[in-house]
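All remarks here apply to the structure that follows.
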Amino acid sequence: MSNNIKVIVAGPRGKMGTEALKLIEKEENLTLVACLDRKNGGKNVVEIDNLPNLDAPIFDDPEKCLSEIEADVLIDLTTPENGYKHTKLALEHGVRPVVGTTGFTPEQLEELKQLAEEKQIGAVIAPNFAVGAVLMMQFSKWAAKHFPNVEIIEKHHDQKLDAPSGTAIKTAELIREVRESHRQGHPNETENLAGARGADSDGMKIHSMRLPGLIAHQEVVFGGLGQTLTIKHDSHHRESFMSGVKLATEKVMHLEVLVYGLEHLLD
Ligand code: NAP
């Protein structure tokens with residue numbers, strides 16, 4: 001385990017960012033050296049209400065932050081557009097990104113992967129940092145070998161910006177590795193209301209539900225002759241993601257490439 005990892009957090013006032021600050025406050029080997037927050041540039045974290053009592057400067061300019069602050073890791077928990085910019089900038093400044101932000105396009109992921117390789121800097125992008133969710137994805141890949149007909153139902157809080165979730169996309173990608181491509185449902189089926197059958201991913205359907213009261217939940221439902229199998233995971237609190245963030249922050253120190261998905265870091 002690396003001692004004293006110097007961390008910048010982007011998005012500290014967000015629901016996930018605040019949990020990340022609590023994690024850093026609790027863990028002896030992690031030190032907060034700065035935050036990136038577009039609304040509180042020039043202040044200190046200790047001055048901001050509802051944030052842990054950590055002494056670290058806040059920057060609104062990512063370029064200035066990464067040039068002036070000596071850091072090992074940038075934890076990004078912001079929005080797709082800003083997360084992508086921060087990740088690229090961190091790699092250019094030799095700071096290892098640990099990214100929970102979801103919604104990057106395949107082209108952006110590929111570009112970041114190439115940049116990390118070129119700079120020989122470790123990076124972790126994980127659409128889901130909850131260990132239980134990673135297992136749910138792995139179990140789904142296993143089940144898909146035996147049940148090629150599958151639909152994914154993901155449920156999130158109504159403030160989520162991207163759909164389907166990064167976890168649903170990643171699950172479909174893993175299933176695609178073992179499932180022969182085919183269109184599911186009746187060949188002549190029609191939608192009387194657009195979108196009724198959900199999004200199509202290589203013939204599999206993905207359904208996204210957004211409601212207040214939810215955090216992050218997913219069911220992967222497999223259908224076979226006379227039987228169904230449901231693999232389900234629920235994050236009841238954002239704390240559920242933090243052991244994965246800690247693991248990624250420690251492991252990224254020993255990487256020289258970009259790793260996409262927490263499963264690659266688990267034993
Ligand atoms: P949130 O509560 O809306 O927080 C996002 C934060 O990012 C807000 O505080 C926002 O600040 C800030 N932000 C936006 N643009 C910024 C910029 N240019 N510089 C600095 N900060 C900026 O959302 P959340 O629920 O915490 O989720 C954050 C991200 O993590 C989302 O992409 C979500 O899908 C993802 N997520 C990932 C996991 C995982 O396990 N990987 C789990 C849950 C969520 P303002 O208040 O100024 O808008």
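Remarks
- Total residues in region 118-138, condition open to solvent by 50 Å² or more (accessible area, probe 1.4 Å) and under 19 Å from S201 (Cα atoms): 1
- G94 vs. criteria outside the structural domain of G223 (by the TED database), within 30 Å of R183 (Cα to Cα) and not in a helix (DSSP H, G or I): no
- Residue list for region 144-177, filter: part of a helix (DSSP H, G or I) and either under 13 Å from the mean Cα position of the chain (by Cα) or surrounded by fewer than 21 Cβ atoms within 10 Å (Cβ to Cβ) (or both): G166, T167, A168, I169, K170, T171, E173, L174, R176
- When D55, D72 are checked against the criterion of being closer than 13 Å to V7 by Cα and surrounded by fewer than 16 Cβ atoms within 10 Å (Cβ to Cβ), a single residue qualifies: D55.
- G103 at pLDDT below 95 and either within 16 Å of the ligand (Cβ to nearest atom) or assigned to a loop (DSSP other than H, G, I, E, B) (or both): yes
- Residues that are within 15 Å of the ligand (Cβ to nearest atom), assigned to a loop (DSSP other than H, G, I, E, B) and in contact (Cβ under 8 Å) with a residue 40 or more places away in the chain within region 11-37 comprise G11, P12, G14, listed in sequence order.
- Where A248 falls short, out of the listed (1) more than 11 Å from the ligand (Cβ to nearest atom); (2) of a type in the set (G, A, S); (3) in contact with a helix residue (DSSP H, G or I) (Cβ under 9 Å, 6 or more places away or on another chain): (1)
The values are calculated or read from the model by the stated rules, or taken from the named source; none is laboratory data. Given the structure is predicted, the values throughout are model-derived calculations rather than measurements. When we count neighbours, we look across all protein chains shown, and the Cβ atoms used for this are built from the backbone with ideal geometry, even at glycine. Accessible surface is based on the protein model in full, side chains and every heavy atom, while ligands, DNA and RNA are left aside. Shrake-Rupley method; radii C 1.70, N 1.55, O 1.52, S 1.80 Å.
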